[in-house]
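In what follows, a structure is listed as structure tokens, so that the remarks can point back to it.
The values are calculated or read from the model by the stated rules, or taken from the named source; none is laboratory data. This one's a predicted model, so the numbers in the text were calculated from it and none came from an experiment. Cβ sites come from the backbone with ideal geometry, for glycine too, and all protein chains shown count toward neighbours. To get the accessible areas, we keep the full protein, side chains included, count just its heavy atoms, and leave off ligands, DNA and RNA. Shrake-Rupley method; radii C 1.70, N 1.55, O 1.52, S 1.80 Å.
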Amino acid sequence: WIIEIDRWVFREVCKRIPDIRGYGLKRININLSPEVCQNPDTVENIQKVLKQYGVSRSEICMEITEMCKVKDDEHFNQMAEQLTSLGIRLALDDFGKGESNLLRLMQIPFATLKMDKEMVWGMEKNRMAGPLVEEMIHFAHRYGIQVTAEGVETIDQARELAAYGCDYLQGYLIAPPLSYGKFLDFLKENGHKNFLED
């Protein structure tokens, strides 16, 4: 059933992308669960839905979640290579934790790393965390990989990450999880806001 839920979410997001282009949103991340990643019809289904709703491949980024549950590495790696060859960006969720590690980064052409929130929160508690986060950002940039920091809750965290060169922030400092209607309201009010100036 998780495959059907993931596919329903993907269709719903793609259905709405034409409506939100006018708000300046250039790309949106969509989760891919391990079960969907290992389904042989995944790439074909993604292409079909994109064509159905007139969505460009550059407008989406498939976010790979729960890497620890991936059981067939060979099939998963093939799927990732197929999506990348089609021009679809891949993001590695929870980077720095569990199976979302440097070995995965060497195996799969991820375009974005989503740094686990525990690393972000650790910057305030552990003297090694800040320098480690900074080095990871610089390492990723050296290979053309963008970095998103998860779990950003304070302006101090945001400023420190910005100083390190982090590309994007995600967390309650920006917004909590929102319904579609509230998401559109958020874009109207904050589309061009610089959260670091508050």
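Can you find a residue in region 172-180 that is out of contact with any strand residue (DSSP E or B) (no Cβ under 8 Å at 6 or more places or on another chain), more than 26 Å from MET62 (Cβ to Cβ) and open to solvent by less than 80 Å² (accessible area, probe 1.4 Å)? Checked region 172-180: no residue is out of contact with any strand residue (DSSP E or B) (no Cβ under 8 Å at 6 or more places or on another chain), more than 26 Å from MET62 (Cβ to Cβ) and open to solvent by less than 80 Å² (accessible area, probe 1.4 Å). Per the conditions (1) within 18 Å of the chain's Cα centre (by Cα); (2) open to solvent by 40 Å² or more (accessible area, probe 1.4 Å), the sole criterion not satisfied by LEU90 is (2). Scanning region 110-127 for residues that are surrounded by fewer than 17 Cβ atoms within 10 Å (Cβ to Cβ) and of a type outside the set (S, T, N, Q) yields a count of 5. Each residue in region 11-36 was checked for being surrounded by 12 or more Cβ atoms within 10 Å (Cβ to Cβ) and within 14 Å of the chain's Cα centre (by Cα), and 7 pass. Residues in region 103-112 include none that are β-branched (Val, Ile, Thr), under 18 Å from the mean Cα position of the chain (by Cα) and over 30 Å from ALA129 (Cβ atoms). Residues considered: GLU35, GLU59. Of these, the only one that is under 26 Å from LYS182 (Cα atoms), among the acidic types (Asp, Glu) and out of contact with any Pro (no Cβ under 6 Å at 6 or more places or on another chain) is GLU59. Of all the residues in region 66-93, those that are under 29 Å from GLU135 (Cα atoms) and at pLDDT 85 or above number 12.
Residues in region 37-49 that are at pLDDT 85 or above and in a helix (DSSP H, G or I): 8 in all.
Every condition in (1) closer than 26 Å to LEU169 by Cβ; (2) open to solvent by less than 20 Å² (accessible area, probe 1.4 Å) is met by VAL43 except one, and the failing one is (1).
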